[in-house]
Amino acid sequence: QVQLVESGGGLVQAGGSLRLSCAASGSIFSINAMGWYRQAPGKQRELVAVISSGGRTSYADTVKGRFTISRDGARNTVYLQMISLKPEDTAVYYCNAAIRSRSYTTPGDYWGQGTQVTVSS
């Protein structure tokens, strides 16, 4: 069993900052890519940022220059530092990871339960 647990969401004023964390636990042999997605009310889930096992990052155009994704391999944790937040960043943020439970298995796709981020104007 593998679990992803997010933390760090909340209510912040426009221009403020938040840092999201997502820790993976359970039967983990290795973790490939880790990422953050978000889903606003009435909209589809969208990719926010992703980081490879080697540290290569990619961002949605809407968050470039404001959000930074990073990971701690020793802690199986991925972070999303968000600055200069805007009301349009309001959404439920989900952590995603491709995790191999054994050396001989293919990576499974795992999701966290989501954490609410609300940015007030």
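Just so you know, all these numbers are worked out from the coordinates, no wet-lab data involved. Fair warning: this is a prediction, and the values are worked out from it, not measured in the lab. When we count neighbours, we look across all protein chains shown, and the Cβ atoms used for this are built from the backbone with ideal geometry, even at glycine.
Within the stretch 1-42, the residues that satisfy the criterion of being under 16 Å from residue 89 (Cα atoms) and either without any contact (Cβ under 8 Å) to a residue 24 or more places away in the chain or part of a loop (DSSP other than H, G, I, E, B) (or both) are 8, 9, 14, 15, 16, 17, 40, 41, 42. Counting only strands (runs of 3 or more DSSP E) that fall entirely inside the stretch 75-116 and contain at least 3 residues that are crowded, with 19+ Cβ neighbours inside 10 Å, the qualifying elements are 77-82, 91-100.
Hey, could you check the stretch 1-30 for residues that are among the aliphatic types (A, V, I, L, M), closer than 15 Å to residue 82 by Cα and surrounded by 13 or more Cβ atoms within 10 Å (Cβ to Cβ) and say which is nearest to the chain's Cα centre (by Cα)? Of everything passing the filter in the stretch 1-30, 20 is nearest to the chain's Cα centre (by Cα).
Here residue 84 fulfils each of the conditions (1) small (Gly, Ala, Ser); (2) over 13 Å from the mean Cα position of the chain (by Cα); (3) more than 21 Å from residue 15 (Cβ to Cβ) apart from (3). Looking across the stretch 31-50 at every residue that is aliphatic (A, V, I, L, M) and surrounded by fewer than 21 Cβ atoms within 10 Å (Cβ to Cβ), the one that is nearest to residue 11 (Cα to Cα) is identified as 40. If you go through the stretch 51-69 and keep only what is in a strand (DSSP E or B) and under 23 Å from residue 14 (Cα atoms), you end up with 59, 67, 68, 69.
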